[in-house]
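The structure appears right after this line, and notes come after that.
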Amino acid sequence: MPYQTVNPFNNQLIKEYTPHNDDQVELALAQADALYHSDWAKGEIIQRLPVLHKLAELMESRVEELANIASVEMGKLIEQSRGEVKLCAQIARYYANNAQKFLAPVSYESSLGEAWVEHHPIGVLMAVEPWNFPFYQLMRVLAPNLAAGNPVVVKHASIVPHCAEAFEKLVHEAGAPKGAYTNLYISQDQVASIIADDRVQGVALTGSEKAGSIVAAQAAKKLKKATLELGGNDVFVVLDDCDLEKAVKVGAEARLNNAGQVCTAAKRFIVQEKVAKAFLQQLTEHFKNVKMGDPLDETTTLGPLSSKSALEGLTEQVNEAVKQGAKLHLGGKALQHEGNFFEPTILTHISRDNPAYFTEFFGPVAQVYVVSDDEEIVKLANDSHYGLGGAIFSTDIERAKKLASRIETGMVYINSLTDTAPELPFGGIKRSGFGRELSDLGIKEFVNQKLVVVSHS
Ligand code: NAP
């Protein structure tokens, strides 16, 4: 795919970016590998952390400029883009403040002697990232790995080259040495060659199930570790004892944020019979009241999808769902307007043999299922190929906790939408991938946890 900035609000081409050729890729790998073998990567962690402090400061001082780039390039509402930039600064600062503690040696009691585990970098990483959080996804990989000493080469999504360029510039301006972070406008074949290169020791991909399975297979073939942050079909459970007004408000937000293009968005609403009618009625009202428009307009509440092909794909999915028997309760089609707008949509009566039942809808499309009791909730929630996040709304916290433990996903939030914070592990199970980003777990994905034992004898 060509690397282009096309404004999804009007599909105007803004800029084309020149792809990197194989010589440039070789140079990037050579620089990254040289850095890995230098004192910078192998030496004390304390010398690397100032880069992250500075990066946090830079991002905070340029929120408006960076937010604007993201909103114009992939259609995120300007206020949500600002939030994303601020979150990136928090992640950088979080690792700047905590990485040393996370990577400190850990002692082990042993009959064999004095034992401890040290944490060392493993080498160059290949990161492949998606467009939906065009800065945050980059920071989730960069911050922990820069702290750990792993140089990163990155292939960002082809529709967000400006974000990719802006982020790389910031990392360098923050003082990262040559090779610590390199943005590459490259093809899928070039990604495969990089993964196969002996200098590369790990692969981190965030994206679709399809890309994840291809890239993970390439990594596996060369016996390299991979982390995969893939799609989801998260449930948003509405119990009959919940604060319904709050559940509806948060549920609408959880489905419509980022025009519905969030891996952990509320995609399947599972609602108990007693409150189902009221919930559907109120959710419909919320969806009807959105104001679609320019993401840069502060009063817009629903922006366009990221690209024309995303709009076409979603339209096809909804049409197919309805053809296979789902009931269209609201919306269901693209807006007759320039740009990639899709109406907020609610589907009901989705049977298990409808392909929609197992499909991730990456846009403002809610599926609503009505259930009778907790057993049915667990059965339906877990009847999914994915296992990323989920939310449960209830005033009975003990009941909600029991359900949370039984839902087969990597994350469950009670009385909140599935959220993210630097200190909380992020990731899923099943076809949502493996490995974790953020928190203490994220920084340990690509380090050598090396055991050293001093024998007693
Ligand atoms: P995508 O099509 O898989 O693209 C993601 C990245 O992978 C892009 O950089 C893309 O490059 C690249 N890519 C695709 N196929 C590849 C291949 N065969 N070899 C190498 N690179 C390849 O996904 P998307 O449509 O951009 O993102 C949406 C998906 O990501 C959704 O399923 C969403 O749920 C998931 N997601 C998951 C998380 C999480 O943390 N779990 C977070 C955000 C998004 P091109 O742009 O050049 O195609």
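If you go through region 350-375 and keep only what is surrounded by 15 or more Cβ atoms within 10 Å (Cβ to Cβ), away from the ligand (no atom under 16 Å from the Cβ) and assigned to a loop (DSSP other than H, G, I, E, B), you end up with Ile350, Asn354. Looking at the structure I just gave you, is Ala204 in contact with a strand residue (DSSP E or B) (Cβ under 9 Å, 6 or more places away or on another chain), under 21 Å from Val124 (Cα atoms), free of Cβ contacts under 8 Å to residues at least 40 places away in the same chain and not in a loop (DSSP other than H, G, I, E, B)? So Ala204 does not fit the description; no. Within region 3-18, the set of residues being aromatic (Phe, Trp, Tyr), buried (at least 20 other Cβ atoms within 10 Å of the Cβ) and within 16 Å of the ligand (Cβ to nearest atom) comprises Tyr3 only. Residues in region 122-146 that are surrounded by fewer than 24 Cβ atoms within 10 Å (Cβ to Cβ), more than 10 Å from the ligand (Cβ to nearest atom) and on the phi < 0 side of the Ramachandran plot: Ile122 alone. Of all the criteria given as (1) assigned to a strand (DSSP E or B); (2) more than 21 Å from Lys169 (Cα to Cα), the one not satisfied by Ala127 is (2). Among Thr264, Thr299, which is the only one that is among the polar types (S, T, N, Q), part of a loop (DSSP other than H, G, I, E, B) and either free of Cβ contacts under 8 Å to residues at least 60 places away in the same chain or in contact with a strand residue (DSSP E or B) (Cβ under 6 Å, 6 or more places away or on another chain) (or both)? The match here is Thr299. Scanning region 171-183 for residues that are outside any strand (DSSP E or B) and either free of Cβ contacts under 8 Å to residues at least 40 places away in the same chain or surrounded by fewer than 21 Cβ atoms within 10 Å (Cβ to Cβ) (or both) yields a count of 5. The one condition from (1) closer than 30 Å to Ala41 by Cα; (2) assigned to a strand (DSSP E or B); (3) β-branched (Val, Ile, Thr) that Ile392 does not meet is (1). Where the second residue is of a type in the set (S, T, N, Q) and within 6 Å of the ligand (Cβ to nearest atom) and the first is more than 22 Å from Ser193 (Cβ to Cβ) and touching a residue at least 40 places away in the same chain (Cβ under 8 Å) and lies in region 125-145, which pairs have Cβ atoms under 6 Å and are six or more apart or on separate chains? Within 6 Å, the pairs are Gln137/Thr206. Would you confirm whether any residue within region 197-215 is surrounded by fewer than 19 Cβ atoms within 10 Å (Cβ to Cβ), modelled with pLDDT of 95 or more, among the small types (Gly, Ala, Ser) and more than 10 Å from the ligand (Cβ to nearest atom)? No, every residue in region 197-215 fails to be surrounded by fewer than 19 Cβ atoms within 10 Å (Cβ to Cβ), modelled with pLDDT of 95 or more, among the small types (Gly, Ala, Ser) and more than 10 Å from the ligand (Cβ to nearest atom). Just one residue in the set Ala219, Ala276 is part of a helix (DSSP H, G or I) and within 14 Å of the ligand (Cβ to nearest atom); that residue is Ala219.
Just the residues that are away from the ligand (no atom under 15 Å from the Cβ) and surrounded by fewer than 22 Cβ atoms within 10 Å (Cβ to Cβ), please, taken from region 222-238. If the condition is that a residue be away from the ligand (no atom under 15 Å from the Cβ) and surrounded by fewer than 22 Cβ atoms within 10 Å (Cβ to Cβ), then Leu223, Lys225 are the ones that fit.
The values are calculated or read from the model by the stated rules, or taken from the named source; none is laboratory data. Since this is a predicted model, take the numbers as computed values, not measurements. All Cβ positions, glycine included, derive from the backbone under ideal geometry; neighbour counts span all protein chains shown.
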